[in-house]
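Worksheet: one structure, shown below.
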Amino acid sequence: MPRHTRVPAVRTLAALSGCLVLAGGLTACGGDSAASDAKVVTVYSADGLKGENGDGWYDKVFKDFEKKTGIKVKYVEGGSGEMVQRAVREKSNTQADVIVTLPPFIQQADEKGLLKAYEPEGSEHVDGANKASDGKWTSVVNNYFGFIYNKKELGGSKAPKTWEELTGSAYKNKLQYSTPGVAGDGTAVLIKAMHDFGGKEPAMEYLEKLQSNNVGPSASTGKLAPKVDKGELLVANGDVQMNYAQSKDMPNLGIWFPAKKGDKPTTFALPYAAGLVNKAPHDANAKKLLDFLLSRQAQAQVSSVGGGFAAREDIKATDANAIALDKIVDGVEVFQPDWGDISENLKTYVEAWKSATGS
């Protein structure tokens, strides 16, 4: 398993966005059609947990939940930042019942008054760092930030190991990372760079150099993996859960964690955190779904179905995926960002990145 170390507060940023993908017949605009159906619960969620072929963790647990309760799940997917922004716009006519985002957007959702305290059954088994002390949110799937590379083109000794390698001519127009301030994993690039290089200024200096090899902006992190698998790109950013799940159908994907030259590879936790929406139109149904997401049944399937890490510490997965995931992060140093600080300084750091890269 990864070696965890607590480091000084990392002053950084993060964000997510992307085009909305709607399922279950929910319209893209507001309205009260969802509120008129008592046997429904509407989920606004960051992407990564629903399979492209209907084989993801969400697909499984939503189906099981509907079968058990008779409550239909209406699902709206986008970037974490977009989900929070949409919920803010709808505050006068709340549509979502449950919101699931990566940090720091779950914290931002709370700061904007979008969340209502509720501690789901099973949340007592979630580590304190992965849930709010006031019960406003709790992680349902744990995850780690990472990068991917094309194993066919960069096999063996050619596999990348350091940040510095990525500025070389071999990666010219063969590297891309999703856009900070738009994509969550894109913002995570900045969080890790600021940690690894020791602060905002050296991180921005590095990213300025890297920009000459960067293909360009991308609102979606998930769309980068197929490009890496095909060899259109050699390297891109991502996260362990999403990329491991994608690697089942994309055999050329390799997961790695860049290190500053001379240092050890690092990563940090990017959990999918869920909260009950304040003034949710289906409050009772939302609570039932949150309970189900943290049930032993659902949590035991996080690795075997979703390719992620269970949020509950009392779930000890031993399936093939769990073993492979542990191997991926073995020996990688895990640092703890200061999410409150990141949330507070989000705009400042996005602007710094734009200035450094000319984006």
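Here are the numbers:
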quantity	calculated
Residues that are at negative phi and assigned to a loop (DSSP other than H, G, I, E, B), drawn from the range 339-359	Asn345, Ser359
Wholly enclosed helices (runs of 4 or more DSSP H) of the range 233-338 bearing at least 1 residues under 24 Å from Arg86 (Cβ atoms), touching a residue at least 60 places away in the same chain (Cβ under 8 Å) and not assigned by TED's automatic domain parsing to the domain that holds Glu77	240-246
Out of Ala269, Ala259, sole residue that is small (Gly, Ala, Ser) and either buried (at least 23 other Cβ atoms within 10 Å of the Cβ) or modelled with pLDDT under 95 (or both)	Ala269
Criterion (without any contact (Cβ under 8 Å) to a residue 40 or more places away in the chain and among the aliphatic types (A, V, I, L, M)) met by exactly one of Ala193, Ala188, Ala225	Ala193
Candidate set: the range 197-219, residues that are small (Gly, Ala, Ser) and more than 22 Å from the chain's Cα centre (by Cα); chosen: the one nearest to Asn237 (Cα to Cα)	Ser212
Leu190 being surrounded by 22 or more Cβ atoms within 10 Å (Cβ to Cβ) and closer than 30 Å to Leu234 by Cβ	yes
Whichever residue in the range 66-122 is acidic (Asp, Glu) and either touching a strand residue (DSSP E or B) at 6+ places or on another chain (Cβ under 8 Å) or without any contact (Cβ under 8 Å) to a residue 60 or more places away in the chain (or both) and, among such residues, is surrounded by the most Cβ atoms within 10 Å (Cβ to Cβ)	Asp97
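The values are calculated or read from the model by the stated rules, or taken from the named source; none is laboratory data. In this text the structure is predicted, and so the values were computed from the model without any measurement. Backbone-built Cβ (ideal geometry, glycine too); neighbour counts: all protein chains shown.
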